[in-house]
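Colleague: I have a structure I would like to understand better, so I am pasting it below and will then ask my questions one at a time.
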Amino acid sequence: MSRNITAHTETKPHISQEPAVYQLSLYPGARAIDAPSHQSLLASAQADGVELHASCRNGTCRACLRRLHSGQVTYPIEWPGLSAQEKAEGYILPCVARPASDLVLAAQG
Ligand code: FES
């Protein structure tokens, strides 16, 4: 006995998997660099030849701590090594922070 098996394919709406690309500016400074939403700010800076101080690169040592002057970030980890007060004051950890908007970041830690 043989069966006819018919494959059904559904057409789903196309949802773009392309990461958004924001602009990251260091203040003071005049140049902006591309900051894709799928990678850390540290990785974006380094890809553009901008060296930011860092050590662990996983959000625990705080060596990369910097103040965000404007913009929003997200974190792929639950609670990066920042206190609630530091977060409220605008400090971020660029080694794990990912852009969610255009950003202006302190050039110095
Ligand atoms: S390099 Fe360690 S927290 Fe960013």
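Coordinate-derived values only; no laboratory data. Predicted model, so just to flag it, every value in this text is computed and none were measured. With ideal geometry, Cβ positions are generated from the backbone for all residues, glycine too; neighbour counts draw on all protein chains shown.
Colleague: With both partners inside the range 21-106, how many of the DSSP beta bridges are antiparallel, as a percent to the nearest 5?
Modeller: Bridges in the range 21-106 that DSSP calls antiparallel: roughly 75 percent.
Colleague: Still on this structure, please answer the following. Return the distance in nm (one decimal) between the two label points of a simple spin-label model at T60 and Q72, each offset 7 Å from Cα along Cα→Cβ.
Modeller: 3.0 nm
Colleague: Please sort 40-48, 57-65, 27-35 by packing, taking for each peptide the average over its residues of neighbouring beta carbons within 10 angstrom, highest first.
Modeller: So the peptides 40-48, 57-65, 27-35, ranked by packing, come out 40-48, 57-65, 27-35.
Colleague: How large is the helix-only mean residue ellipticity at 222 nm for the chain, computed as the sum of -39500 (n - 2.57) over DSSP H runs with n ≥ 4, divided by its residue count, in deg cm²/dmol to the nearest 500?
Modeller: Helix contribution divided over all residues of the chain: -2500 deg cm²/dmol.
Colleague: Count charges around C95 for me, please; just the other residues with Cβ under 12 Å from its Cβ, Lys/Arg as +1, Asp/Glu as -1.
Modeller: In short, +4.
Colleague: What full-extension length gain, to one decimal in nm, is calculated for D102 and Q46 as 0.36 nm per residue of separation minus the Cα-Cα distance?
Modeller: 18.4 nm
Colleague: Okay, moving on. Select from the range 15-109 those GluC sites (Glu not before Pro) which occupy a DSSP coil region and have at most 12 other Cβ atoms within 10 Å, ordered by residue number.
Modeller: E51, E78, E89
Colleague: Another question, if that's okay. For A30 and Q85, FRET efficiency with R0 = 25 Å and r from the beta-carbon atoms, rounded to 0.05?
Modeller: Here the calculated transfer efficiency is 0.20.
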